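So the structure is just underneath, and the comments pick up after that.
The values are calculated or read from the model by the stated rules, or taken from the named source; none is laboratory data. Because the structure is predicted, anything quoted here is derived from the model rather than measured. Backbone-built Cβ (ideal geometry, glycine too); neighbour counts: all protein chains shown. Ligands, DNA and RNA are stripped out before the accessible areas are found, and what is left, the full protein with its side chains, is counted by its heavy atoms. Shrake-Rupley method; radii C 1.70, N 1.55, O 1.52, S 1.80 Å.
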Amino acid sequence: MQKILDAIMQAEGAADPAAELRAVAALPVPESYRGVVVRADEASMFDGLDTGAKDPRQSLHVQEVPTPEVGPGEALIAVMGSAVNYNTVWTSIFEPVSTFAFLRRYGRGHDRPYHVVGSDAAGVVLRVGPGVTRWRPGDEVVAHCLSVELEEAAGHDDTMLDPQQRIWGFETNYGGLAELALVKANQLMPKPAHLSWEEAACPGLVNSTAYRQLVSHHGARMKQGDTVLIWGASGGLGSYAVQFALNGGATPICVVSSPRKAELCRAMGAELVIDRSGFRFWSDEQTQDVSEWKRFGAEIRALTGGDDPDIVFEHPGRETFGVSVYVAKRGGTIVTCASTSGYLHQYDNRYLWMHLKRIIGSHFANYREAWEANRLIARGRIHPTLSRVYPLEQTGQAAADVHRNRHQGKVGVLGLAPAEGLGVRDPQLRARHELAINRFRNR
């Protein structure tokens, strides 16, 4: 593993980094590597505990795992940087189900007594399997997290509709929180040259998810002039939604939970911000408070000069879904993914049915959408929202921070990279966007 790292480090400051990186093709692949795992024999360790009491630091372990065989259409990458997503938290607390059920159903060498987690990665291609022609050893890449088989017709119009689509590192093994990772070759995209490894790794899942939700014709089809209500606007997903709204000529209304998070949204260029900490949308565990829905809607209209949101960007789920349906404008759209506060949504259907609103379900992104979202990162139009970086050994703490909502933007993790700030190949482009790249880290 050290020889692989040494070869990659030779590219730092080299006149031709790509030529230096080709040397990895001649190096042997280690028989094992360090990965962050949950263990099958611990899947019941949190039984009986409330969600908030479950601690990822207890369930996530760094251990040596055997290097998987690279099959047809696959690639093995040396992971220099990765990131924590909410699905890492779900895996670590075994909610809503243990991910070992996914691995058993998938098989294909992924059914193991350990699950190497992680759905983001930036690194260098080490090996490619039979049939791969687009990528070769030495390529600097980022990986999006859609894994598809494409054996059935349903996936060939939109790969997200493939009956066998899975989220890599969540529903498959050998994910990105590790020194090596196994991916489908059609998960790979060029690494943005002006970013470091950890910066390039952090947008993948959330940036692509936000792109499909807001911009794509599969999502809300956001257009210039739209007003977009964005929950969790300073978080890992919402911070990209804010950027897409601003970049696309829409007006974001940023919903956050503290003055510090409100300042982050203003720093991104958003002018309309609501601190939701003063609102209580539920009177108790069973009853939503409609008067709070109305007060929240009045706050929105006060900010916008009387307009209701054309689009509501939903991902908290149970806690906010009722008010999201209520505040969307007549004929408006609620586009939803995830459900970090719970999956059983309740809303008053009169406000949907009689006001002709639409609910659109959105899940990650297809390859084209992920590629376009990454292209905007590479061109400096959308920026990473990395706030803190942990070494691989402290991934449990990183996941605990996300679980407790103690983070801003995205939380990164170093893989093989020995330090932060490595991997920048276009310092001129970086210099033009340095402030935006570091915006979340400077707060």
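General observations
- Strands (runs of 3 or more DSSP E) within region 122-219 that include 1 or more residues of a type in the set (Asp, Glu): 140-143
- Qualifying residue in region 258-272 (condition: of a type in the set (Lys, Arg) and open to solvent by less than 30 Å² (accessible area, probe 1.4 Å)): yes
- Failed item in (1) assigned to a loop (DSSP other than H, G, I, E, B); (2) touching a Gly at 6+ places or on another chain (Cβ under 9 Å); (3) under 21 Å from Arg212 (Cβ atoms), with Phe364 passing the rest: (2)
- Test: residue in region 35-42 that is open to solvent by less than 60 Å² (accessible area, probe 1.4 Å), under 14 Å from Pro113 (Cα atoms), within 28 Å of the chain's Cα centre (by Cα) and among the small types (Gly, Ala, Ser): yes
- Exactly one residue among Arg379, Arg425, Arg406, Arg388 is open to solvent by 10 Å² or more (accessible area, probe 1.4 Å), under 16 Å from the mean Cα position of the chain (by Cα) and of a type outside the set (Asp, Glu), and that residue is Arg388.
- Taking (1) assigned to a loop (DSSP other than H, G, I, E, B); (2) of a type in the set (A, V, I, L, M, F, W, C); (3) touching a helix residue (DSSP H, G or I) at 6+ places or on another chain (Cβ under 9 Å); (4) farther than 22 Å from Asn207 by Cα in turn, Leu352 satisfies each apart from (1).
- Failed item in (1) surrounded by 23 or more Cβ atoms within 10 Å (Cβ to Cβ); (2) over 22 Å from Cys337 (Cα atoms), with Ser119 passing the rest: (2)
- Residue within region 97-105 that is part of a loop (DSSP other than H, G, I, E, B) and open to solvent by 10 Å² or more (accessible area, probe 1.4 Å) present: yes
- Which numbered condition Gly249 misses (of (1) part of a helix (DSSP H, G or I); (2) open to solvent by less than 50 Å² (accessible area, probe 1.4 Å); (3) under 25 Å from His363 (Cα atoms); (4) not basic (Lys, Arg)): (1)
- Test: residue in region 30-43 that is part of a strand (DSSP E or B), under 16 Å from Ala417 (Cβ atoms) and in contact with a Phe, Trp or Tyr (Cβ under 9 Å, 6 or more places away or on another chain): yes
- Filtered residues of region 86-96 (kept if touching a strand residue (DSSP E or B) at 6+ places or on another chain (Cβ under 8 Å) and open to solvent by less than 10 Å² (accessible area, probe 1.4 Å)): Thr91, Ser92
- For region 334-350, a residue qualifies if it is surrounded by 17 or more Cβ atoms within 10 Å (Cβ to Cβ) and either among the aromatic types (Phe, Trp, Tyr) or in contact with a Ser or Thr (Cβ under 6 Å, 6 or more places away or on another chain) (or both), and the qualifying residues are Ile334, Val335, Cys337, Tyr347.
- Scoring Ser82 on the criteria (1) surrounded by fewer than 20 Cβ atoms within 10 Å (Cβ to Cβ); (2) in contact (Cβ under 8 Å) with a residue 24 or more places away in the chain; (3) of a type in the set (S, T, N, Q); (4) closer than 28 Å to Pro192 by Cβ leaves a single failure, condition (1).
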